[in-house]
Each structure stands twice: as structure tokens, then as C-alpha cells.
Amino acid sequence: MVILAADPTENPGLILVGTVHGDPRGYARVAALLAHLRPDLVTVEISPFSLRYRERSGSRWQRQLAQALADLPDGAAGHLAIQRLAAQVALPFEVRAARDYGRSLGVPWRPLDLGAPARRHLPRYGPELLSPANLRALLTTPDGSLMEYVTTEFRRARLALGRAPRRPSWHVNSETVRREGFLARRLRRLMRQYRRVVHLGGWEHLVVWQDSPGLWRDLADLKPRRLLLDEADRLPASTAQPSRV
């Protein structure tokens with residue numbers, strides 16, 4: 001894993017940042033990292049369709065989640081599975097941080113992903129994911145700290161980046177390959193227009209999988225830099241930005 005350079009001008013033109021979706025410290029980490037890297041464009045692993053749908057439905061989802069939690073035992077909102085669900089139905093921190101960075105400095109950001117998965121899954125959030133029955137079922141799953149879960153995911157990411165493992169069976173499908181191919185093509189085109197591009201997406205796309213293509217393989221000839229988002233914790237304190245809720 002490449003360590004963050006002290007001088008942002010030493011970074012290459014394309015920087016791929018691996019995130020853990022739902023990271024409680026994600027917004028602050030992205031804000032600090034973008035302030036350090038100073039990109040000309042930020043792209044986020046979310047489709048324009050998903051972004052529009054989430055902005056339109058977000059308030060309704062939050063009301064539905066609050067109503068369902070009101071009928072559950074005290075403390076249910078702190079259960080690991082419920083916290084992960086709450087992060088899933090919220091506007092992703094990657095979007096909020098990229099948008100706010102762009103607004104503050106006049107830097108563009110773009111949602112970048114295929115819309116087909118979101119078209120299938122997002123309409124099910126209200127009737128299925130946020131149903132009282134589903135929340136009750138989630139309370140029967142193993143509990144734990146969301147921050148510890150995220151830390152464990154980053155640990156898994158570092159092991160995978162160093163070992164080039166086989167892709168987990170639930171990630172081996174034609175849709176994943178199509179999505180990563182789409183992302184690679186779009187990022188290539190954007191690199192012709194911008195000096196430095198930072199792409200925020202799930203860490204799995206940064207791995208060199210033994211048994212399948214992926215975003216990293218598709219872009220390897222550009223020699224992009226790979227970073228995990230938690231490396232932002234090692235930046236000087238003066239670089240950090242305040243967290244938003």
C-alpha cells in the first residue's frame with residue numbers, strides 16, 4: 001500500500017480511493033484527503049439515477065426508519081445491523097464530502113456508475129429493507145461496533161491489496177465486470193480533460209483479483225495511485241476538515 005505523500009504535487013493524475021461504505025468517520029476523512037490532494041475533479045461511485053432517487057426519497061426513508069424503530073426495543077438503533085442499514089439509506093458520505101468540497105473551491109464532482117443496479121434495488125428499500133419485519137430480523141444478527149466493523153474492513157482491504165486473492169463468489173458476476181469496465185472507460189475520458197482526478201469508491205474495486213478483471217486491471221496502464229480512505233487519519237491535523245452530520 002502506498003503511503004500518502006507529504007507534497008500533493010507528487011501524486012499522479014488519477015488517484016483511486018478505496019472506501020468502506022457507511023464509515024462513521026468517512027465524511028471527515030474524505031474532506032481531509034481532498035484538501036490534501038487538491039484534485040481538479042472528484043468522481044464518486046454512484047449513478048446519476050441513484051443520486052436523484054436518493055435525494056427524492058431520502059426524507060421518506062428517514063421517517064419510515066424512525067417509525068419502525070419506535071416499535072422496537074430501546075437501544076435498537078445502536079445495533080450494528082441497524083446502523084449499517086441507516087447508513088445505507090442515507091445520502092452517502094462520499095457524495096456529501098465531494099459535493100461540499102466542490103462548492104467550497106469551485107471544483108466539479110460527478111456521480112459515476114451504471115444505473116441498472118440502483119433501478120432494481122432502490123425501489124425495494126421502502127417496502128422491504130425498512131419494513132418493521134426486516135428491522136426485527138436484523139436485531140437477531142450478531143451485534144458490534146460500527147467503527148470496529150469499518151476498521152476490520154480496512155484491514156481486509158489491505159490484506160487483499162497485498163495478496164491479489166480470488167474474488168469472493170458473491171462479487172463474481174457479469175454486472176460487476178460491466179460496472180468496472182464502464183468506470184474505467186469514463187475515468188480514461190475524464191483524464192483527458194483534467195490534470196488530477198480523485199475517484200471515491202468501494203475498496204474491492206482496487207484489488208488485483210486473480211480470477212477476474214476489475215477496475216484496477218482496466219486502468220493499470222495509466223499507473224493510477226491507490227489509497228485506502230483511512231490513510232487520511234495520518235495527515236497533519238491542520239489538513240483535517242470538520243465533520244458534518
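For segment 166-187, state whether one or more residues are touching a Ser or Thr at 6+ places or on another chain (Cβ under 9 Å), surrounded by fewer than 19 Cβ atoms within 10 Å (Cβ to Cβ) and at pLDDT 90 or above. Yes - at least one qualifying residue is present in segment 166-187.
Considering segment 5-20, the residues that are modelled with pLDDT under 95 and either of a type in the set (D, E, K, R) or within 23 Å of ASP218 (Cα to Cα) (or both) include one that is surrounded by the most Cβ atoms within 10 Å (Cβ to Cβ), namely ASN11.
Listed residues ARG136, ARG52, ARG99; which is over 18 Å from the mean Cα position of the chain (by Cα), surrounded by fewer than 17 Cβ atoms within 10 Å (Cβ to Cβ) and either in a helix (DSSP H, G or I) or among the aromatic types (Phe, Trp, Tyr) (or both)? Write out each step before concluding.
Details: ARG52 fails: over 18 Å from the mean Cα position of the chain (by Cα); ARG99 fails: over 18 Å from the mean Cα position of the chain (by Cα).
Unique residue meeting the criteria: ARG136.
The test for being under 17 Å from LEU105 (Cβ atoms), within 13 Å of the chain's Cα centre (by Cα) and buried (at least 21 other Cβ atoms within 10 Å of the Cβ) holds for VAL44.
Going by what's in this entry, would THR176 be described as farther than 24 Å from LEU33 by Cα, of a type in the set (S, T, N, Q), assigned to a helix (DSSP H, G or I) and out of contact with any Pro (no Cβ under 7 Å at 6 or more places or on another chain)?
Working: farther than 24 Å from LEU33 by Cα: yes; of a type in the set (S, T, N, Q): yes; assigned to a helix (DSSP H, G or I): yes; out of contact with any Pro (no Cβ under 7 Å at 6 or more places or on another chain): yes.
Yes, satisfied.
Inclusion of PHE93 among residues that are surrounded by fewer than 19 Cβ atoms within 10 Å (Cβ to Cβ) and aromatic (Phe, Trp, Tyr) is not warranted. Residues of segment 58-90 that are among the acidic types (Asp, Glu) and either farther than 18 Å from ALA133 by Cβ or buried (at least 16 other Cβ atoms within 10 Å of the Cβ) (or both): ASP74 alone. Among residues of segment 96-116 that are farther than 17 Å from GLY201 by Cα, those with a Cβ under 7 angstrom from a residue that is surrounded by 16 or more Cβ atoms within 10 Å (Cβ to Cβ) and of a type in the set (Ser, Thr, Tyr), sequence gap 6+ or separate chain, pair up as VAL107/TYR101.
Taking only segment 102-116 into account, find how many residues are in a helix (DSSP H, G or I) and surrounded by 16 or more Cβ atoms within 10 Å (Cβ to Cβ). Of the residues in that region, 1 qualify. The set of residues in segment 55-72 being of a type in the set (D, E, K, R) and outside any helix (DSSP H, G or I) consists of ASP71 alone. Whenever a residue of segment 205-227 is in contact (Cβ under 8 Å) with a residue 40 or more places away in the chain, its partners that are part of a strand (DSSP E or B) and among the charged types (D, E, K, R), lying with C-beta atoms within less than 6 angstrom and at least six residues away or across chains, give the pairs LEU206/ARG226.
The values are calculated or read from the model by the stated rules, or taken from the named source; none is laboratory data. Computed from a predicted model, the values in this text were never measured in an experiment. Here the Cβ is made from the backbone with ideal geometry for all residues, glycine too, and neighbour counts use every protein chain on show.
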